[in-house]
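The values are calculated or read from the model by the stated rules, or taken from the named source; none is laboratory data. Since the structure is predicted, the reported quantities are computational estimates derived from the model, not experimental observations. Note that each Cβ is placed from the backbone with ideal geometry, even for glycine, and that neighbours are counted across all protein chains shown. For the accessible areas, the whole protein counts, side chains as well, though only heavy atoms, and no ligand, DNA or RNA atoms are used. Shrake-Rupley method; radii C 1.70, N 1.55, O 1.52, S 1.80 Å.
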Amino acid sequence: MKMRVLQLVVAIALGCLVPALEAADERTNAFGDPFLSVTSALAHCPVPEGPLYTAAQVRAQTHGRAERGTTCHYWGRCRLPNAYLYDKEIIPRVATFIQRDDRFRDTSVWILGQRRWVYLKGCVATQEQSDQLEKEVRLIDDVEAVINELMVGTKGQPPYDVDPNAK
(Lines give C-alpha, C1' and ligand atoms only; values in the text may rest on other atoms or scores of the structure.)
Protein backbone atom coordinates (compact mmCIF):
# COMPACT_ATOMS: atom_id res chain seq x y z
CA MET A 1 0.00 0.00 0.00
CA LYS A 2 2.75 2.41 1.01
CA MET A 3 4.62 1.62 -2.22
CA ARG A 4 1.58 2.38 -4.39
CA VAL A 5 0.98 5.71 -2.67
CA LEU A 6 4.62 6.69 -3.12
CA GLN A 7 4.54 5.68 -6.81
CA LEU A 8 1.36 7.70 -7.32
CA VAL A 9 2.84 10.79 -5.66
CA VAL A 10 6.01 10.60 -7.76
CA ALA A 11 4.05 9.96 -10.98
CA ILE A 12 1.82 12.97 -10.30
CA ALA A 13 4.81 15.18 -9.51
CA LEU A 14 6.64 14.13 -12.67
CA GLY A 15 3.41 14.40 -14.65
CA CYS A 16 3.20 18.08 -13.74
CA LEU A 17 6.25 18.63 -15.93
CA VAL A 18 4.42 17.51 -19.07
CA PRO A 19 2.01 20.46 -19.56
CA ALA A 20 4.91 22.91 -19.39
CA LEU A 21 6.63 21.01 -22.17
CA GLU A 22 3.56 20.69 -24.39
CA ALA A 23 3.93 24.25 -25.72
CA ALA A 24 6.84 23.29 -27.94
CA ASP A 25 8.53 20.15 -29.09
CA GLU A 26 11.87 21.49 -27.95
CA ARG A 27 14.11 19.16 -26.01
CA THR A 28 14.99 19.94 -22.41
CA ASN A 29 16.51 18.21 -19.41
CA ALA A 30 13.01 17.94 -17.93
CA PHE A 31 14.04 15.43 -15.29
CA GLY A 32 17.07 17.44 -14.16
CA ASP A 33 19.53 14.60 -14.74
CA PRO A 34 22.97 15.89 -13.68
CA PHE A 35 25.39 16.06 -16.62
CA LEU A 36 28.87 17.55 -16.21
CA SER A 37 32.03 18.07 -18.21
CA VAL A 38 34.77 16.87 -15.86
CA THR A 39 38.03 16.97 -17.84
CA SER A 40 38.97 18.44 -21.22
CA ALA A 41 42.57 17.54 -22.03
CA LEU A 42 41.98 15.68 -25.31
CA ALA A 43 41.30 18.17 -28.08
CA HIS A 44 38.69 17.17 -30.67
CA CYS A 45 36.94 14.67 -28.41
CA PRO A 46 33.33 14.41 -29.66
CA VAL A 47 31.12 16.28 -27.19
CA PRO A 48 28.29 14.06 -25.92
CA GLU A 49 24.75 15.26 -26.08
CA GLY A 50 23.22 15.93 -22.69
CA PRO A 51 20.06 14.33 -21.33
CA LEU A 52 17.49 16.11 -23.50
CA TYR A 53 13.90 14.96 -23.93
CA THR A 54 10.90 16.02 -26.00
CA ALA A 55 7.50 16.34 -24.32
CA ALA A 56 6.52 12.97 -25.81
CA GLN A 57 9.65 11.33 -24.40
CA VAL A 58 8.95 12.84 -20.98
CA ARG A 59 5.40 11.42 -21.05
CA ALA A 60 6.72 8.02 -22.10
CA GLN A 61 9.39 7.92 -19.39
CA THR A 62 7.53 9.43 -16.43
CA HIS A 63 5.80 6.27 -15.21
CA GLY A 64 8.84 4.04 -15.69
CA ARG A 65 11.10 6.49 -13.85
CA ALA A 66 8.67 6.69 -10.96
CA GLU A 67 8.40 2.92 -10.75
CA ARG A 68 12.13 2.20 -11.10
CA GLY A 69 13.04 4.99 -8.72
CA THR A 70 10.73 3.88 -5.91
CA THR A 71 11.33 0.15 -6.34
CA CYS A 72 14.88 0.69 -5.10
CA HIS A 73 13.52 1.96 -1.76
CA TYR A 74 10.76 -0.64 -1.57
CA TRP A 75 13.27 -3.50 -1.79
CA GLY A 76 15.57 -1.89 0.78
CA ARG A 77 18.38 -1.09 -1.67
CA CYS A 78 18.05 2.69 -1.20
CA ARG A 79 17.65 4.69 1.98
CA LEU A 80 16.01 7.56 0.05
CA PRO A 81 12.46 7.11 -1.34
CA ASN A 82 13.59 7.41 -4.97
CA ALA A 83 16.87 6.31 -6.59
CA TYR A 84 16.97 9.46 -8.76
CA LEU A 85 17.31 11.60 -5.61
CA TYR A 86 20.91 10.40 -5.21
CA ASP A 87 22.16 11.71 -8.54
CA LYS A 88 22.61 15.37 -7.63
CA GLU A 89 24.89 14.27 -4.79
CA ILE A 90 26.73 11.43 -6.56
CA ILE A 91 27.74 13.25 -9.75
CA PRO A 92 29.66 16.08 -8.02
CA ARG A 93 31.53 13.48 -5.94
CA VAL A 94 32.41 11.52 -9.08
CA ALA A 95 33.60 14.74 -10.73
CA THR A 96 35.78 15.62 -7.73
CA PHE A 97 37.33 12.16 -7.73
CA ILE A 98 38.17 12.22 -11.45
CA GLN A 99 39.59 15.76 -11.29
CA ARG A 100 41.79 14.96 -8.29
CA ASP A 101 43.19 11.69 -9.63
CA ASP A 102 46.24 12.40 -11.81
CA ARG A 103 45.73 9.13 -13.72
CA PHE A 104 42.85 10.84 -15.57
CA ARG A 105 44.33 14.29 -16.19
CA ASP A 106 44.88 13.57 -19.92
CA THR A 107 41.23 12.74 -20.63
CA SER A 108 38.09 14.50 -21.81
CA VAL A 109 35.26 13.05 -19.75
CA TRP A 110 31.60 13.93 -19.20
CA ILE A 111 29.45 12.23 -16.59
CA LEU A 112 25.70 11.71 -16.43
CA GLY A 113 23.72 10.46 -13.43
CA GLN A 114 20.43 8.58 -13.62
CA ARG A 115 19.05 6.58 -10.64
CA ARG A 116 22.46 5.93 -9.06
CA TRP A 117 23.92 4.87 -12.43
CA VAL A 118 26.91 6.87 -13.65
CA TYR A 119 27.46 7.13 -17.41
CA LEU A 120 31.07 7.87 -18.44
CA LYS A 121 31.27 9.55 -21.86
CA GLY A 122 34.16 11.06 -23.77
CA CYS A 123 37.75 10.20 -24.58
CA VAL A 124 40.64 8.55 -22.78
CA ALA A 125 44.22 7.91 -23.86
CA THR A 126 44.27 4.11 -23.35
CA GLN A 127 41.93 1.16 -22.79
CA GLU A 128 43.60 0.60 -19.42
CA GLN A 129 42.69 4.15 -18.42
CA SER A 130 39.07 3.52 -19.42
CA ASP A 131 38.94 0.27 -17.43
CA GLN A 132 40.55 1.89 -14.39
CA LEU A 133 38.18 4.86 -14.45
CA GLU A 134 35.17 2.56 -14.61
CA LYS A 135 36.51 0.42 -11.77
CA GLU A 136 37.25 3.40 -9.52
CA VAL A 137 33.91 5.13 -10.10
CA ARG A 138 32.12 1.89 -9.10
CA LEU A 139 33.72 2.24 -5.66
CA ILE A 140 32.17 5.65 -4.96
CA ASP A 141 29.51 5.51 -2.27
CA ASP A 142 25.90 5.15 -3.51
CA VAL A 143 26.92 4.35 -7.11
CA GLU A 144 24.92 1.30 -8.18
CA ALA A 145 26.26 0.88 -11.72
CA VAL A 146 28.74 2.43 -14.15
CA ILE A 147 28.02 2.53 -17.87
CA ASN A 148 31.32 2.96 -19.70
CA GLU A 149 30.81 4.80 -22.99
CA LEU A 150 34.39 6.07 -23.21
CA MET A 151 36.34 5.83 -26.43
CA VAL A 152 40.11 5.47 -26.73
CA GLY A 153 41.47 8.46 -28.62
CA THR A 154 39.37 11.02 -30.45
CA LYS A 155 38.91 9.44 -33.88
CA GLY A 156 36.11 7.18 -34.98
CA GLN A 157 32.47 6.85 -34.01
CA PRO A 158 31.83 7.44 -30.29
CA PRO A 159 29.55 4.98 -28.44
CA TYR A 160 27.25 7.86 -27.40
CA ASP A 161 25.11 10.47 -29.12
CA VAL A 162 27.09 13.57 -30.08
CA ASP A 163 25.90 17.11 -29.38
CA PRO A 164 24.97 18.50 -32.82
CA ASN A 165 25.59 22.06 -31.58
CA ALA A 166 29.14 21.44 -30.30
CA LYS A 167 31.97 22.95 -32.24
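Values computed for the structure shown
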read-out	value
Calculated over the chain: convex hull of Cα atoms, volume per residue (Å³)	109
Inter-part distance where the stretch 23-44 and the stretch 115-167 are each reduced to a Cα centre, Å	14
In degrees, nearest ten, helix 87-100 long axis to first principal axis of the chain (Cα)	10
Relative contact order of the chain, pairs being alpha-carbon contacts under 8 Å that are 6 or more residues apart, as %	25
Set of the stretch 104-131 residues, backbone N closer than 15 Å to the point 7 Å along the Cα-Cβ line of Gln57	112-114
Solvent-accessible area per residue for the stretch 81-136 (1.4 angstrom probe, square angstrom)	44
For the chain, calculated [θ]222 nm from helices alone, where every DSSP H run of n ≥ 4 adds -39500 (n - 2.57)	-12500 deg cm²/dmol
For Asp141, solvent-accessible area (1.4 Å; no DNA, RNA or ligand), Å²	100
Eligible aspartates and glutamates near Lys135 by straight Cα distance, threshold 17 Å, same-chain separation 8 or greater	Asp101, Asp102, Glu144, Glu149
Sulfur and carbon atoms: percent of accessible area, the stretch 40-111 [1.4 Å]	55
